[in-house]
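Take a look at the structure below.
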Amino acid sequence: MAVDPAERLLNLIIALTHARVRMTRAQIRSSVAGYAPPTPGRSEDEARREDAAFERMFERDKDELRRIGIPLKTVVDPTHGDEIGYKIEASDAAMPSIEFSPAEMAVLALAREYWQGATLGPDAQQGLTKVASTAAAAPRSPLGLGARATSLSDATAVIAEARARRQAVEFDYTSESTGHATRTVEPWHLLIRGGAEYLVGFDRDKQAPRTYRLRRVHGDVRAIGPADSYEIPDPVPSQGSSPPPVKTARVGVRPEAGHVLREQGTAVGTEGDWDLLDVSYRYADYIRDAVLSLGGRARVLAPTDIADRVVEYAQSAREAALASLGESSDG
Amino acid sequence: MAEKTPARVTRLLGIVTYLEHHDEATVAQLAAHFDVSESQIRKDVTTLWMSGAPGYLHDDLIDFDADAFDRDIIRLTDSQGVSQVRLSPREAVALIGALTTVAASGIAPDAVSTALDKLVAAVGDGEAVRSVSLGAPDPEIVGTLRAAIAAGVVVDLAYVDANDNLTERTIEPHRLVVIDGITYVECWCRRAQDYRTLRIDRIRTATQGADAVATKPDTSGGFSLVPQFEAVITAARPARWLLDTFPGVSVDDDGTTVTARFGVADARVIAAQLLTIGPHVHTIAPPQLAHEVAAQAHAVLDAQA
């Protein structure tokens, strides 16, 4: 009967932790319980099959060690040719003992709900198991508090791993200003804003810091090139966060409408059926979208470029709607 | 689904470390602590018991007190030097990322920031993920809601709904929740006689009432608006970011054009959002939704004229 994979992995962890210098693949195969040593007197065909099966199994086990967070050191011993050996340094791997209070353990458990259904879901669960190992209290979601995100990116996991190894990532990306392109980026950190995830890093092609919205990444993010290929500046330059200056727009809202704009703006009188507000903004899109989504119960008076955008957006939406209904927009 | 090997091995190491900190534990205690069944704990201990260092003689194996085990008490006698391993980069991002979003929301209890500090210090490289605040809701309103949840009583609200109407309602608050960085109160709305997830920043006033909360929290999760029909929107790719935000949406993307299908609970709300991607929209179905978009676009043009 095949050995339970968890038992084999545990045996591998113990063997590589106990190894004085290192263990080669051949030593692992012949001495760690769970791997099948070469059958004596095997034919060439059998040898190929067996060797390939061992390699597959060992590669998968190495991946799983990494998923568990165990750093596997490769050790080359010049007296034994070029063959690579492996070793786990127990001191590098150990989970520090952290004293979390029951209230802290409860809020940590929010991670389970937050990443539910996402690539990092199992990692959140595993992280909580680790935290629980050294804590007196168990992670239980707090009553009365929750956290969710509705569209998490699968890229987050790959970027987290690449960043930890200081390895660049490559991905296809669409931006509204520059269109579609393949980017090569040295990840500095991930940023979560409004449930959307961003990558902040150094773009090798542009030779400048950039921020990427992960939802605009198409296909997979791939880690490329060697590890330890860059350093993260300390402190990370606060690029992009020299935000545009605050400007003021004047908008009109119908009485009993535009409560959100009212909250953010200052009332400056009335004009006909419109209550006038001065609203501060940094990004013109914000005013444009806020007014459009009030469906005619708000209008932009100034600046005119935002008013023009509102008209342009409404016109093209109207055309698309009428075309879908088989009507002409001239009527 | 069968448990993945890394998750199981992480728990196996966790059991060893927990027992080293606590001398012994009952099967029931371990099951409660690691949130698995008692039979799973017995299987885990059995697996640990058979594992060890090459040689696999008695002294090479992880060992437990056999007499105690028969009495459902787990006492570790030899760990073979294994113990729980530090957080992986992915685990650190998962835990720290979730906590920073709650911390940035403005409704976090103190335990969030103290837990974050400890976690970041322990990881050593806790700078992998940060969260940016979208602005905090009125702390007084948050305080009223939190107190009412703790006391199990209703709250009277003045609330601006998604259609921009100012409404008066009495809610039975169950939970504060951060969704995509925005703060909500999950509640039973007595006026609607249904579960609601209300944005805290749209609450104008909140007054704690005397009536006790009579409903249980909604366990279905997610928003409880009932879709009235399915919409299909085709649009140029730059519009995808908005379409992706509609609840329950499925998006096909051929590289140029995206096709989004989603349930519409309130055509007025969806039409208003579609205006904000106007230049990218190709087609809108069904006619009911296209009519609403055309009418609202018309109203915007009139207002702007």
Original post:
What is the residue count in segment A:126-144 for residues that are within 7 Å of chain B (Cβ to nearest Cβ) and crowded, with 22+ Cβ neighbours inside 10 Å?
Top reply: 6
**OP:** Considering (1) in contact (Cβ under 8 Å) with a residue 60 or more places away in the chain; (2) at the interface with chain B (Cβ under 9 Å from one of its Cβ atoms), say which one A:Val21 fails and leave the rest.
**Re:** (2)
Original post:
From the list B:Thr283, B:Thr259, which one is within 7 Å of chain A (Cβ to nearest Cβ) and β-branched (Val, Ile, Thr)?
Top reply: B:Thr283
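Per-residue answers, yes or no, for (1) out of contact with any Phe, Trp or Tyr (no Cβ under 9 Å at 6 or more places or on another chain); (2) assigned to a strand (DSSP E or B); (3) not assigned by TED's automatic domain parsing to the domain that holds A:Ala137:
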| position | (1), (2), (3) |
| --- | --- |
| A:Asp45 | yes, no, yes |
| A:Arg49 | yes, no, yes |
| A:Ala53 | yes, no, yes |
| A:Arg56 | yes, no, yes |
| A:Lys62 | no, no, yes |
| A:Arg66 | yes, no, yes |
| A:Thr119 | yes, no, no |
| A:Gln125 | no, no, no |
Original post:
Among B:Arg130, B:Arg86, which is within 30 Å of B:Glu186 (Cα to Cα) and under 26 Å from the mean Cα position of the chain (by Cα)?
Top reply: B:Arg130
Original post:
Of the residues that sit in segment B:201-218 and are among the β-branched types (Val, Ile, Thr) and within 12 Å of another protein chain (Cβ to nearest Cβ), which one is nearest to B:Arg169 (Cα to Cα)?
Top reply: B:Ile203
Original post:
What is the number of the single condition among (1) surrounded by 20 or more Cβ atoms within 10 Å (Cβ to Cβ); (2) touching a Phe, Trp or Tyr at 6+ places or on another chain (Cβ under 9 Å) that A:Leu301 does not meet?
Top reply: (1)
**OP:** Quick one: count up the residues across segment A:136-165 that are outside any helix (DSSP H, G or I) and either touching a Cys at 6+ places or on another chain (Cβ under 7 Å) or over 19 Å from A:Ala93 (Cβ atoms) (or both).
**Re:** 19
Subject >> Neighbours by Cβ (under 7 Å, 6+ apart or cross-chain): first from segment A:242-257, closer than 17 Å to B:Val160 by Cβ and assigned by TED's automatic domain parsing to the domain that holds A:Leu277; second of a type in the set (Phe, Trp, Tyr) and at pLDDT 75 or above >> reply: A:Val253/A:Trp274; A:Arg254/A:Trp274
**OP:** Any chance you could count how many residues in segment B:122-163 are within 8 Å of chain A (Cβ to nearest Cβ) and not in a strand (DSSP E or B)?
**Re:** 8
**OP:** Scan the strands (runs of 3 or more DSSP E) fully inside segment A:219-317 and keep the ones with 3 or more residues being touching a Gly at 6+ places or on another chain (Cβ under 9 Å).
**Re:** A:247-253, A:274-281, A:298-302
Subject >> Out of B:Leu166, B:Leu176, sole residue that is crowded, with 22+ Cβ neighbours inside 10 Å, of a type in the set (A, V, I, L, M, F, W, C) and touching a strand residue (DSSP E or B) at 6+ places or on another chain (Cβ under 9 Å) >> reply: B:Leu176
**OP:** Among what's in segment B:80-121 and is of a type outside the set (Val, Ile, Thr), touching a residue at least 24 places away in the same chain (Cβ under 8 Å) and assigned to a loop (DSSP other than H, G, I, E, B), pick the residue that is farthest from the other protein chains (Cβ to nearest Cβ).
**Re:** B:Gly106
Subject >> Residue in segment A:308-321 that is more than 7 Å from chain B (Cβ to nearest Cβ), loosely packed, with under 15 Cβ neighbours inside 10 Å and farther than 24 Å from B:Leu289 by Cα present >> reply: yes
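The values are calculated or read from the model by the stated rules, or taken from the named source; none is laboratory data. Owing to the predicted nature of the structure, the values given are computational and were not obtained by experimental measurement. Counting neighbours? That spans all protein chains shown, and the Cβs are built from the backbone with ideal geometry, glycine included.
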